[in-house]
Amino acid sequence: MHAPSSRAVERLPDRAMVHYGEMDARAQRTRDQLESAILDLATLRPLSEITVTDIARAASITRPTFYAHAESPGDLLASVLGKELEHIREEFARAAELLPDGQVLPLEQLNRALVRHCHDNAALYRNNLVRRLPREMRDVLIDHIEWALSDHLLRHPHLAPRALHGDPEDAEYRYRQFAFYAAIAASGTVAALETWLRSPDPLDPDWAVRAITRGNAEWWQHGH
């Protein structure tokens, strides 16, 4: 058997790159169709009433293809919302890193971005809001707010309340404290957003930002 020519060998990576590039492009198109389908459906019907078959039909794909991208309709919707929330979190972190040493980025900036996200997607959130949002939608909001607030305290550890007398003083315990404070604030923020979304029209984003910011413990901004 003759060995392939060096010229043929040199072309193989190019053909492979084209093949995998086409695969990636197809996968991305499918993903885009799925995301569009779940957003459209969940804006019109409660998430609890949407089936995998509904999404597959709306996205013009098969059920097996759906399961290659998500475990359930709720999982798919959470991943779509999570991408926008991740962007909000990253923007807040980026803005904080640009400040001179010693300055603290106001939490109002994070609250404003979260309220804007909910306002832009108000039809989706309100359509799925009974007393509370479905677990998948609520959890993704809480998770990203928790992460943003934990990062905020890691950047500015002096803001958090001092350890109580007798508490351990090691870094691991301090990190758990930050996570605890972030969890409390994140859950409260999401509950406040749900209450605001239940308000009659027109929704007032500026009022929501002010109310949520006032509801945050004072030390989040000025230290304890």
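Would you confirm whether any residue within segment 99-111 is modelled with pLDDT of 95 or more and in contact with a Pro (Cβ under 8 Å, 6 or more places away or on another chain)?
Checked segment 99-111: no residue is modelled with pLDDT of 95 or more and in contact with a Pro (Cβ under 8 Å, 6 or more places away or on another chain).
Being open to solvent by 80 Å² or more (accessible area, probe 1.4 Å) and in a helix (DSSP H, G or I) narrows it down to one of Q109, Q177, so name that one.
Q109
Within segment 71-100, how many residues turn out to be more than 15 Å from L41 (Cβ to Cβ), in contact with a helix residue (DSSP H, G or I) (Cβ under 8 Å, 6 or more places away or on another chain) and not in a helix (DSSP H, G or I)?
0
In segment 142-165, is there at least one residue being of a type in the set (G, A, S), closer than 30 Å to N127 by Cα and surrounded by fewer than 16 Cβ atoms within 10 Å (Cβ to Cβ)?
no
Within the set of pairs 6+ apart or on separate chains, which have a first residue in segment 192-205 that is part of a loop (DSSP other than H, G, I, E, B), a second that is surrounded by 12 or more Cβ atoms within 10 Å (Cβ to Cβ), and C-beta atoms under 8 Å apart?
R198/R126; R198/L129; L203/H119; L203/A122; L203/W196; L203/L197
Of all residues in segment 26-38 being more than 13 Å from A70 (Cβ to Cβ) and within 20 Å of the chain's Cα centre (by Cα), which is least open to solvent (accessible area, probe 1.4 Å)?
Within segment 26-38, the match that is least open to solvent (accessible area, probe 1.4 Å) is S36.
Can S36 be described as in contact (Cβ under 8 Å) with a residue 60 or more places away in the chain, over 30 Å from F178 (Cα atoms) and either in a helix (DSSP H, G or I) or touching a Cys at 6+ places or on another chain (Cβ under 6 Å) (or both)?
When the stated conditions are applied, S36 does not pass them.
Do we have A186 as closer than 25 Å to A211 by Cβ, open to solvent by 50 Å² or more (accessible area, probe 1.4 Å), of a type in the set (G, A, S) and in contact (Cβ under 8 Å) with a residue 40 or more places away in the chain here?
Criteria not met by A186.
Quick one: W207 ticks every box in (1) open to solvent by 70 Å² or more (accessible area, probe 1.4 Å); (2) more than 23 Å from E91 (Cβ to Cβ) bar one, so which box is it?
(2)
Looking at segment 123-141 only, could you name the residues that are hydrophobic (A, V, I, L, M, F, W, C), open to solvent by 50 Å² or more (accessible area, probe 1.4 Å) and at pLDDT 95 or above?
Within segment 123-141, A123 is the sole residue that qualifies.
Which residues, counting only those in segment 206-224, are part of a loop (DSSP other than H, G, I, E, B) and without any contact (Cβ under 8 Å) to a residue 24 or more places away in the chain?
Matches in segment 206-224: E218 only.
Condition first: assigned to a helix (DSSP H, G or I), open to solvent by less than 40 Å² (accessible area, probe 1.4 Å) and either polar (S, T, N, Q) or over 20 Å from A123 (Cα atoms) (or both). Now tell me which residues in segment 39-62 satisfy that.
Hits for segment 39-62 are V52, A56, A59.
Residue by residue through segment 189-202, note down the ones that are open to solvent by 20 Å² or more (accessible area, probe 1.4 Å) and either in contact with a helix residue (DSSP H, G or I) (Cβ under 6 Å, 6 or more places away or on another chain) or modelled with pLDDT under 95 (or both). If you could, list the steps in order and put the result at the bottom.
Just the residues of segment 189-202 that are open to solvent by 20 Å² or more (accessible area, probe 1.4 Å), to begin with: 191-192, 195, 198-202.
Hit for segment 189-202 is A192, nothing else.
The values are calculated or read from the model by the stated rules, or taken from the named source; none is laboratory data. In this text, all values refer to a predicted model and were calculated from it rather than measured experimentally. With ideal geometry, Cβ positions are generated from the backbone for all residues, glycine too; neighbour counts draw on all protein chains shown. Only protein heavy atoms, including side chains, enter the accessible area calculation; ligands, DNA and RNA are left aside. Shrake-Rupley method; radii C 1.70, N 1.55, O 1.52, S 1.80 Å.
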